[in-house]
1. How far is it, in nm, from the label point at Leu560 to the one at Gln177 when both lie 7 Å from their Cα along the line to the Cβ?
2. Which distance in Å, rounded to a whole number, links the C-alpha centroids of segment 366-437 and segment 147-166?
3. So, with +1 on the Cβ of K and R and -1 on the Cβ of D and E, and no other charges, what is the size of the charge dipole of segment 432-579 about its Cα centre, to the nearest 20 debye?
4. With r as the distance between the Cβ atoms of Lys101 and Lys283 and R0 = 25 Å, compute the FRET efficiency 1/(1 + (r/R0)^6) and round to 0.05.
5. Once the Cβ-Cβ distance between Glu641 and Glu341 is put in as r, and R0 is 51 Å, what FRET efficiency do you end up with, to the nearest 0.05?
6. Can you list the HN-Hα couplings for segment 147-156, worked out from phi with the Karplus curve (6.51, -1.76, 1.60; θ = phi - 60°), rounded to whole Hz and with x for Gly and Pro?
7. I want to check the label-to-label distance for Lys468 and Glu387. Put each point 7 Å from Cα in the C-beta direction and report it in nm to one decimal.
8. Pull out the extension gain between Asp417 and Asn478, defined as 0.36 nm times the separation in residues minus the alpha carbon to alpha carbon distance; nm, one decimal.
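Quick note: the coordinates plus some simple rules give every number you see, no bench work behind them. The model shown is predicted, which means the values in this text are computed figures rather than measured ones. Positions of Cβ are backbone-derived with ideal geometry, glycine not excepted, and every protein chain shown enters the neighbour counts.
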Amino acid sequence: MLEEKNDNLHEADGKSGIEINDSVTNEAIEISDSEILTEDLVSETENESEEQENAHQEALDVITNSNAAESEDETLKERHDIPMQDYNTFSLDALVDELKKLVNTDAVMSVKDHIEEIKKAFLLQYHHLIEEKKEEFLASNPDPNEEFEYHLPLKSKFDEYYNVFREKRNAHFKHLQTNLKTNLENRLAIVEELKELINPQENIKDTLKHFNELRERWKNAGAIPKDKYNHVWNNYHFHVENFYDYLHLDREARDLDFKHNLELKQKIIARVEELVNDADVNKSFRELQDLHRIWKEEIGPVSKEHRDTIWNQFSELTKKIHDKREVLFENQRANEGRNLEIKKEIIAKIETLGTEKVNSHSQWLLQIQKVEDLRNEFFAAGKVPSEVNEETWAAFKTAVRNFNAFKNSFYKDIKKDQNDNLNKKLALVAKAKELQESTDFSATTPVMKQIQEEWKQIGHVPKKYSDKIWKEFKDACNHYFDKLKEHKSEENGEEVAAFDNKKAYLDVLRAFQLTGDHKTDLDAIKAHIEAWKALGKVPFSRRHIEGKFNKILDALFEKLSLSKKESEMMRFANRIDSLSDSNDTRKLDNEKIFIMRKIEEVQNEIFQLENNIQFFTNTKNAKKENSIVTEVRKNIAIHKESLEVWKDKLKQLRNLGQE
């Protein structure tokens, strides 16, 4: 049957047509005799040309298979416009953002492969994160009856976007299958009508008109299943060629069409010759696909004298582009091999860190940072050969898991000590609360000072309890000492007089006007500060007047346009002098503790920001993130300026203690 002929592009060009008239039949017989005479020569050269023919056929098959797939679903063509990125280097947030962007595109199948790669990269990182969280949970919760639970909101977002894609994909497939079936039936019907055109009883002009109508219907018939693509197209061209052979009755019209088809195919060959020298191999290959599609689907056959020559030219050029593409793929595979070696080295380093024993929290923080840096390097290293991807990822997860287990064993050992410290501090909290309402100041004050000293000597407690018990202890101590100060202030008549004098002095200070000379005004303000101090202490219950004084000072400092640091230090000096004059060592100690904590907090923030800069500058898209890096550097500068102010305050406090 006609439909059982081989499916290949060469025959679709019309090389093996069937002549049905007498003259053509004789011609076919002559060709057959010629083939018999040259049979021995063909046999001798057959082995030599077989390898080259196979190479040409491989190149043609790649083109044909790609066109068959894109013919079935034309949205696949758009996938070339969406670059396939190395999603393994993306963070979880970046993967969700990329998924959201791709899901919103209408061409579902053009992003299918991209979305599946994103899904694979997301789930690898997500499962790794869950394993880490579970290990941390088991390390801190030895109770086997307590179940591990961890919810990542980002996973819910990912599932939401992926479900949208899946629904759109299913709807697309359903619609596509319906259309493909209808289009296939229409094209098969056209082929059947083509068979019936060869009828000597009909007027040739009417036949030509019907033939052109069939060609137009074929052109607009739409996509068909890819597994039927070559078969249906080749049969269509087979019967088109038969019809051209039938046109010997109107040879002039046939020859004119042959000539036109030859010119079109020569133009295609000229374009492919340009593509052979194009540096963008992938772009050249995609255009070559389109040219093959045009050659096969839109241009009819040429005369027999040109068929072999022009086809061989096209086939040879196709192989050249195919070979260049294979070289490109080889280079990509070589890069993947190098990436694999890099990742193996990273895994080996993590495995080594998982055996290095350290004995302090600060040292473990350094080890943890090293692993985190190696983890970032692993994700930034690029793709590895697909056949070892899962194996490489499993080795990486195992190395990180072993490191975490090794780390957790250290913290399990120190956890008992921290729980003992917690019990000691809880006992001090209970004692402080018991004494906070005492009015026997002479007996209670030494005890309260003693438990404060004991608190300082006790080591760390579990982090989740630290802030809570410190606040309870501090509030109880402050409550007692505030009552003590209030009691002392009420007994001091001089403090009441000082309050009245300071209240009157506020009016003097409010009336003070700056002269405009910076030095003169600054000296005058300092003189007012000294005058205020000289007025003495006020009763504890009336200390609010100090706030009013400081508020007026703040307004004067702002008018002087002092630097932020200078203004801050002058305010701080005034505050510390007030505390020093009141002989309130407890508040001075609290102030010192507060400043030391602020210094540690700012230093940690600077350390984190500097790590962020290192991360951004190590990514492939570092140039695109220059604005982010600049913003982080500004933030670091601000924190460093703040750090200097806090250090100067601490230095001033310590100098006060030495005087």
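1. 8.4 nm
2. Each part's Cα centre sits 25 Å from the other's.
3. Details: 27 positive and 26 negative charges, 109 e Å.
So the dipole magnitude of segment 432-579 works out to roughly 520 debye.
4. On the way: r = 23 Å, r/R0 = 0.93.
Calculated transfer efficiency: 0.60.
5. Values: r = 45 Å, r/R0 = 0.88.
My answer for the efficiency is 0.70.
6. Coupling constants for segment 147-156: 7, 7, 9, 8, 10, 10, x, 5, 5, 5 Hz.
7. Taking the simple label geometry, Lys468 and Glu387 are separated by 5.7 nm.
8. Details: separation 61, 0.36 × 61 = 21.96 nm, distance 2.82 nm.
Full extension of this stretch gives 19.1 nm more.
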